[in-house]
Amino acid sequence: MSLYKKQIEQLVALQQIDHEIFGIRQEIKKLPEEVADMEKQFSVIDAERNRIADKMEYLTSQEKRVNSDIEHDSRRIEESKNRMMQVENTREYHAMIREVDNMERTNRTREEEKMILMEEIQRQQDLFADVDARYNQVKAEYDLKSESMQSRLDELNAELDKLMERRAASAMEVPPPVLSRYEFIRERLENPVIVPVASCVCKGCNIAIPPQIFIELQKIQQILSCPNCQRLIYWEEHFDAVNFYSRQKAVEQPELDPEDDDEEE
């Protein structure tokens, strides 16, 4: 293998590790954010649930007040009707009739108010049942996410430590000048850092490179940079990254020997 192709392979291998590191760091960053978002959702639903519960409590107290007033005036009406039988003059009799009529009219208004309150209480109970179901669901998800987050973070950090060790070993295989160029670009651009050129087009920025640079790229003499995005480039005919990744994965996760499977059984 030529020195040029060897350096391309080293950089692609390093980039693959950096890609995995980037993914793990993104998940480490995302997990607490997801829990925080769920906590916000839970707080909103909890506030709505408490608001409905407070309204139900107020409506129920109003219903009790109306029932008490109706019961109180009903007793007064009954007492007034009983006294009417003992009235000795017409004037007093008519006065008591007016008093009873007023109390009965007031009670009819209270009965209407009671019906409105009962309907509203039922509506709030239906709303509460719906919100309470969502509350329990979100709370269960939030509790589960909170409990599992730390263990998942521990797993990710352990995996990250291993990748950092692999990266250090992989970086040592890259010549210092080439590694410096790689690190310089990586600090300034999003992944990937090294990309293929296919049909004279850089796969990092999807812009055609000048013909002269493409000619130089085909000479297999040095690692060049895309004049548009500044990423390191190589001609796809010189290096098959897809097959390289497949071989790397096979090395990292070797298939079990069928005989080993039989022994385990």
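Derivation of every value follows stated rules applied to the coordinates shown; laboratory data play no part. What you see is a predicted model; the values in this text were computed from it and never measured. With ideal geometry, Cβ positions are generated from the backbone for all residues, glycine too; neighbour counts draw on all protein chains shown.
At a glance:
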| read-out | value |
| --- | --- |
| q = 0.23, 0.27 Å⁻¹, the stretch 43-125: log10 I(q)/I(0) [Debye, one scatterer per Cα] | -1.00, -1.17 |
| Counting DSSP beta bridges with both ends in the chain, the antiparallel % (nearest 5) | 55 percent |
| Cysteines in the chain lacking a second Cys C-beta under 4.7 Å | Cys200 |
| Degrees separating the helix 176-186 axis from the principal Cα axis of the chain, which is the longest one | 30 degrees |
| Integer Hz, Karplus 6.51/-1.76/1.60 couplings in order for the stretch 91-102, x for Gly and Pro | 4, 5, 4, 5, 5, 6, 4, 4, 5, 5, 4, 4 |
| Structure-based [θ]222 nm, the chain - -39500 (n - 2.57) summed over DSSP H runs of at least 4, per residue, nearest 500 | -28000 deg cm²/dmol |
| Extent along principal axes [Cα atoms of the stretch 125-221; Å; largest to smallest] | 77, 33, 19 |
| Prolate/oblate/rounded call for the stretch 21-172, Cα gyration tensor, a/c under 1.5 rounded | prolate |
| Cα-based radius of gyration of the chain once divided by 2.2 N^0.38 Å, which approximates compact folds | 2.18 |
| Listed pairs Lys6/Lys203; Lys29/Lys55; Lys6/Lys30 exceeding 32 Å between Cα atoms | Lys29/Lys55; Lys6/Lys30 |
| Per-peptide average of other Cβ atoms within 10 Å, ordering 229-237, 201-209, 124-132 highest first | 229-237, 201-209, 124-132 |
